[in-house]
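Notes follow once the structure below has been shown.
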Amino acid sequence: MKYIRAMQIPKLASDLYTLSSKVLMDEAVKAMVLSQHYHVALFDRVHDTSQVITSMDNRVYLLRKEVQRLKEGGDLDAVVYLPRKEAEARSSEAQSLADNLQTELDEGSRCQESVEAELGEAQELLAELRR
């Protein structure tokens, strides 16, 4: 991003002296529209990531509750209908799934942080373009 800005400054300086104000205004408007499009795309991506993280967080919470309930032996129906080995296997599966979902949630959180950082950079660039 910094490389692009460094390359654009000399171009902008030469454009100020060689192009008409109408062309300069057209380029400024084009840059603002493209920047706005980029911001909207980033907002959508952050929103989508947030929804995925919330959904995964809810699933992890429910699975952890189920694992805890199975560990405590509070569900007598499960004990009656399932042999002990099968109940332990399901409990192990649920714990494994909960751990995998937690890993995905952590990855989603890191992704959201990087997208938010990218959005911040884009907002700074937009602020510079508006000056």
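The values are calculated or read from the model by the stated rules, or taken from the named source; none is laboratory data. What you see is a predicted model; the values in this text were computed from it and never measured. No Cβ is skipped: glycine too gets one built from the backbone with ideal geometry, and neighbour counts run over all protein chains shown.
Of note:
- Only listed residue being within 30 Å of Asp26 (Cβ to Cβ) and either assigned to a helix (DSSP H, G or I) or at pLDDT below 90 (or both), chosen from Arg59, Arg64, Arg45: Arg45
- Any hit, the stretch 82-97, residues being modelled with pLDDT of 85 or more and exposed (fewer than 11 other Cβ atoms within 10 Å of the Cβ): no
- Condition met for Tyr61 (surrounded by 13 or more Cβ atoms within 10 Å (Cβ to Cβ) and either over 17 Å from Arg110 (Cα atoms) or not aliphatic (A, V, I, L, M) (or both)): no
- Test: Arg69 is among the basic types (Lys, Arg), loosely packed, with under 15 Cβ neighbours inside 10 Å and modelled with pLDDT under 80: no
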